[in-house]
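The values are calculated or read from the model by the stated rules, or taken from the named source; none is laboratory data. Here the structure is a predicted model, which is why all the values come from computation and not from measurement. Every residue, glycine as well, gets a Cβ built from its backbone with ideal geometry; the counts of neighbours run over all protein chains shown. Accessible surface areas use protein heavy atoms only, side chains included; no ligands, DNA or RNA. Shrake-Rupley method; radii C 1.70, N 1.55, O 1.52, S 1.80 Å.
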Amino acid sequence: MADPAEEERADAGATKEGIPATEPRERRVSTPLVLAAASAMLAVTAVVLVSLRPDAPEPDDGLAPADANAFSVDDSSPERVAESFYDAWRRRRWPQALEISVGRAREAVLEKQAGDEAMPREERIVAERTWDALAQAPLTLLLDEAEMLGDDRYRLHGTAEYQLVGHPYRRRVSFLVEPTDTSAQTYRVAEMDLGEVLTELPGIFRGANPDGR
């Protein structure tokens with residue numbers, strides 16, 4: 001997968017308070033190098049797909065199978081919009097991430113989206129298979145600190161957790177969340193600060209940021 005762009009950082013200085021009840025030079029790459037890169041990424045994709053393969057088939061109950069990659073966002077509280085934004089970011093669901101972001105967070109999404117769109121076609125096809133496979137692992141965002149900044153604005157701190165090719169992945173993260181300027185009680189992520197990775201990465205991801213950073 002392509003090296004992630006430099007992430008935007010926000011100053012963190014939270015105080016412990018309860019979580020709110022509901023928070024230019026053109027470079028030409030030779031065809032052999034492109035194919036070699038695609039082959040390496042295909043190997044990573046294979047490992048991801050195998051690790052996420054269910055142990056037993058789902059029972060046939062006569063209902064249409066759910067779309068494992070279906071994704072929607074929830075902006076009804078600071079906590080929910082923060083989790084939705086992180087999930088959209090790691091899944092590379094840029095339209096949904098743009099829907100619930102403003103300011104520096106939105107600029108970071110646009111930068112990442114442009115980087116993905118600039119990838120060579122062969123590399124992008126393989127990378128998209130990997131992203132879709134990784135997206136099947138559900139995300140848990142455990143918030144443990146909140147700073148109330150006034151005007152219904154919050155800085156939230158917590159740990160993002162999910163399974164990465166069969167291994168637990170945990171990373172500290174913080175968000176600046178603010179309300180929309182509409183009468184609806186909805187929120188947007190203005191900044192996301194990605195912190196320390198708390199778990200050892202699987203070998204295939206050493207030297208990379210698997211959640212897209």
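Go through the residues of the range 47-54 one by one and say whether even a single one is buried (at least 21 other Cβ atoms within 10 Å of the Cβ) and either among the aliphatic types (A, V, I, L, M) or at pLDDT 95 or above (or both). Yes: the range 47-54 contains one or more residues that are buried (at least 21 other Cβ atoms within 10 Å of the Cβ) and either among the aliphatic types (A, V, I, L, M) or at pLDDT 95 or above (or both). Selection over the range 91-112 of residues that are touching a strand residue (DSSP E or B) at 6+ places or on another chain (Cβ under 8 Å), open to solvent by less than 40 Å² (accessible area, probe 1.4 Å) and part of a helix (DSSP H, G or I) gives a count of 3.
Could you go through the range 137-146 and let me know if any residue there is at pLDDT 95 or above, of a type in the set (A, V, I, L, M, F, W, C), assigned to a strand (DSSP E or B) and surrounded by fewer than 15 Cβ atoms within 10 Å (Cβ to Cβ). Yes.
What are the residues in the range 147-163 that are under 18 Å from LEU198 (Cα atoms) and either touching a Ser or Thr at 6+ places or on another chain (Cβ under 6 Å) or modelled with pLDDT under 95 (or both), if any? Hits for the range 147-163 are HIS157, GLU161, TYR162, GLN163. Which condition number does PRO210 fail, the rest of (1) open to solvent by less than 30 Å² (accessible area, probe 1.4 Å); (2) at pLDDT 80 or above; (3) touching a Leu at 6+ places or on another chain (Cβ under 6 Å); (4) not aliphatic (A, V, I, L, M) being met? Of (1) open to solvent by less than 30 Å² (accessible area, probe 1.4 Å); (2) at pLDDT 80 or above; (3) touching a Leu at 6+ places or on another chain (Cβ under 6 Å); (4) not aliphatic (A, V, I, L, M), only one is false for PRO210: (2).
Residue-by-condition table, conditions (1) among the aromatic types (Phe, Trp, Tyr); (2) on the phi < 0 side of the Ramachandran plot:
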| position | (1), (2) |
| --- | --- |
| ARG124 | no, yes |
| GLU128 | no, yes |
| LEU141 | no, yes |
| ASP152 | no, no |
| LEU156 | no, yes |
| ALA160 | no, yes |
| PHE175 | yes, yes |
| THR180 | no, yes |
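One residue stands out in the range 164-176 among those that are farther than 16 Å from GLU191 by Cα and more than 13 Å from the chain's Cα centre (by Cα): the one that is modelled with the highest pLDDT, namely PRO168.
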